[in-house]
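Trainee: A single structure is presented below for examination.
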Amino acid sequence: AKTNSNPTQNDSWGKQYSHALFKAMSHMLCIGYGQQAPEGMTDVWLTMLSMIVGATCYAMFIGHATALIQSLDSSRRQYQEKYKQVEQYMSFHKLPGDTRQRIHEYYEHRYQGKMFDEENILGELSEPLKEEIINFNCRNLVANMPLFANADPNFVTAMLTKLRFEVFQPGDFIIREGTVGKKMYFIQHGVVSILTKGNKETKLSDGSYFGEICLLTRGRRTASVRADTYCRLYSLAVDNFNEVLEEYPMMRRAFETVAMDRLDRIGEEESPPGLSTATSAATP
């Protein structure tokens, strides 16, 4: 005869606790046990075992499904997590609203909703693969810049591997007159204004570069440069600049020639040490 599914006080403590554990697990795991509750001790323990296995499989399924969804666009998730930290940072320091908006717009233009550890990715690749990727990523810059289009491909590759991508917002002063020059810039996209002492402005856009005079003369900036639009630039540090030009001295002359031409158009008369008057003040 089947035993009653509701044990009484006269039953053994093992049976009472087994049924109590079964009822508790049924409520906690939210897993059904069919139309009829188990009656015998063997049925009770087998049913509890099946509930545990079912709950474990369900949890594993949910975990794998969640991991799969997150991995479909991990770069966007990484960007969202990073920007949440930025928002908390701005809130903690109580930054004004206009500053927060500029920071938000900077992140939108700089990362465009996705974030990668590009330096680590490229560092794990072989040199030929790394150079191939960099040349592909900078193909528009090379195509728009006569200096690169007519240069030795080895020089172009050596230069591109040392560039660092930067974004500036409208109104930002990329270079300020009188400061020590440590970088030059190549314009991938955007418009900048070169502001000289005589209040003359010269516009530069896609495919142009600026800031090389200080790297050539090791002096201070002779003019300021302001971003007129959102500017996507590549910067080159002075040490990398000199390292590349030591291997390709003809390209140093090309930089100096362009500087001379700019001076003729701007009409400055001052000359920093180390270059001729025509070479000196064309760009900051």
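The values are calculated or read from the model by the stated rules, or taken from the named source; none is laboratory data. The structure displayed is predicted, hence computed values, not measured ones. Cβ sites come from the backbone with ideal geometry, for glycine too, and all protein chains shown count toward neighbours. These accessible areas exclude ligands, DNA and RNA; they are computed on the full protein's heavy atoms, side chains included. Shrake-Rupley method; radii C 1.70, N 1.55, O 1.52, S 1.80 Å.
Trainee: Quick test of your reading of the structure: Lys94 fulfils all but one of (1) open to solvent by 80 Å² or more (accessible area, probe 1.4 Å); (2) assigned to a helix (DSSP H, G or I); (3) modelled with pLDDT of 95 or more. Name the failing condition by number.
Mentor: Going through (1) open to solvent by 80 Å² or more (accessible area, probe 1.4 Å); (2) assigned to a helix (DSSP H, G or I); (3) modelled with pLDDT of 95 or more one by one, Lys94 breaks only (2).
Trainee: Another question about this same structure. For the stretch 201-209, indicate whether the set of residues that are modelled with pLDDT of 95 or more and among the small types (Gly, Ala, Ser) is non-empty. Even if it seems obvious, please write down each step before you answer.
Mentor: Pass one, the stretch 201-209, residues modelled with pLDDT of 95 or more: none.
No, the stretch 201-209 contains no residue that is modelled with pLDDT of 95 or more and among the small types (Gly, Ala, Ser).
Trainee: Return the total of residues in the stretch 192-207 being out of contact with any His (no Cβ under 8 Å at 6 or more places or on another chain) and open to solvent by 50 Å² or more (accessible area, probe 1.4 Å).
Mentor: 7
Trainee: Please specify each residue of the stretch 143-156 satisfying the condition of being part of a helix (DSSP H, G or I), in contact (Cβ under 8 Å) with a residue 12 or more places away in the chain and either touching a strand residue (DSSP E or B) at 6+ places or on another chain (Cβ under 6 Å) or open to solvent by less than 30 Å² (accessible area, probe 1.4 Å) (or both).
Mentor: Leu147, Phe155, Val156
Trainee: I've got another one for you. Return yes when Glu81 is touching a Lys or Arg at 6+ places or on another chain (Cβ under 9 Å) and either in a loop (DSSP other than H, G, I, E, B) or exposed (fewer than 12 other Cβ atoms within 10 Å of the Cβ) (or both) and no when it is not. Walk me through how you get there before you give the answer.
Mentor: Values: touching a Lys or Arg at 6+ places or on another chain (Cβ under 9 Å): no; either in a loop (DSSP other than H, G, I, E, B) or exposed (fewer than 12 other Cβ atoms within 10 Å of the Cβ) (or both): yes.
When the stated conditions are applied, Glu81 does not pass them.
Trainee: Output the residues belonging to the stretch 24-65 that are at pLDDT 85 or above and polar (S, T, N, Q).
Mentor: Thr56
Trainee: I'm trying to understand the selection: among the residues of the stretch 177-208, which are part of a loop (DSSP other than H, G, I, E, B) and under 24 Å from Pro146 (Cβ atoms)?
Mentor: First pass over the stretch 177-208, keeping only residues part of a loop (DSSP other than H, G, I, E, B): 177-179, 181-182, 190-191, 196-200, 205-208.
If the condition is that a residue be part of a loop (DSSP other than H, G, I, E, B) and under 24 Å from Pro146 (Cβ atoms), then Gly181, Gly190, Val191, Thr196, Lys200, Ser205, Asp206, Gly207, Ser208 are the ones that fit.
Trainee: Would you call Asn135 of a type outside the set (A, V, I, L, M, F, W, C), assigned by the TED database to the domain that holds Arg252 and farther than 30 Å from Lys84 by Cα?
Mentor: Values: of a type outside the set (A, V, I, L, M, F, W, C): yes; assigned by the TED database to the domain that holds Arg252: no; farther than 30 Å from Lys84 by Cα: yes.
So Asn135 fails the test.
Trainee: Do any residues in the stretch 191-211 that are among the aliphatic types (A, V, I, L, M) have Cβ atoms under 6 Å from those of residues that are open to solvent by 10 Å² or more (accessible area, probe 1.4 Å) and outside any strand (DSSP E or B), where the two are at least six apart or on different chains, and which pairs are they?
Mentor: Val191/Ser205; Val191/Asp228; Val191/Thr229
Trainee: List the residue pairs whose Cβ atoms are under 6 Å apart, where the first residue sits in the stretch 70-86 and is closer than 13 Å to His104 by Cβ, the second is outside any helix (DSSP H, G or I), and the two are 6 or more positions apart or on different chains.
Mentor: These pairs meet every condition: Tyr79/Gly113; Tyr79/Lys114; Tyr79/Met115; Lys82/Met115.
Trainee: A follow-up question, please. Going by the structure shown, is Gly181 in the same structural domain as Leu147 (by the TED database), surrounded by 16 or more Cβ atoms within 10 Å (Cβ to Cβ) and in contact with a Ser or Thr (Cβ under 7 Å, 6 or more places away or on another chain)? Before the answer, list the steps.
Mentor: On the way: in the same structural domain as Leu147 (by the TED database): yes; surrounded by 16 or more Cβ atoms within 10 Å (Cβ to Cβ): yes; in contact with a Ser or Thr (Cβ under 7 Å, 6 or more places away or on another chain): no.
When the stated conditions are applied, Gly181 does not pass them.
Trainee: Does the stretch 93-106 include one or more residues that are in contact (Cβ under 8 Å) with a residue 40 or more places away in the chain, under 24 Å from Tyr230 (Cα atoms) and of a type outside the set (Lys, Arg)? Steps first, answer last, please.
Mentor: The initial filter retains those residues of the stretch 93-106 that are in contact (Cβ under 8 Å) with a residue 40 or more places away in the chain, namely 102, 105-106.
Now drop any that are not under 24 Å from Tyr230 (Cα atoms), which leaves 102, 105-106.
From the residues that got through so far, the ones that are of a type outside the set (Lys, Arg) too are 105-106.
Within the stretch 93-106, one or more residues are in contact (Cβ under 8 Å) with a residue 40 or more places away in the chain, under 24 Å from Tyr230 (Cα atoms) and of a type outside the set (Lys, Arg).
Trainee: Can you tell me which residue within the stretch 118-140, out of those that are exposed (fewer than 11 other Cβ atoms within 10 Å of the Cβ), under 24 Å from Arg77 (Cα atoms) and of a type in the set (D, E, K, R), is modelled with the lowest pLDDT?
Mentor: Among residues in the stretch 118-140 that are exposed (fewer than 11 other Cβ atoms within 10 Å of the Cβ), under 24 Å from Arg77 (Cα atoms) and of a type in the set (D, E, K, R), the one modelled with the lowest pLDDT is Glu119.
Trainee: Give the number of residues within the stretch 231-251 that are in contact (Cβ under 8 Å) with a residue 12 or more places away in the chain, open to solvent by less than 70 Å² (accessible area, probe 1.4 Å) and part of a helix (DSSP H, G or I).
Mentor: The number of residues fulfilling the criteria is 6.
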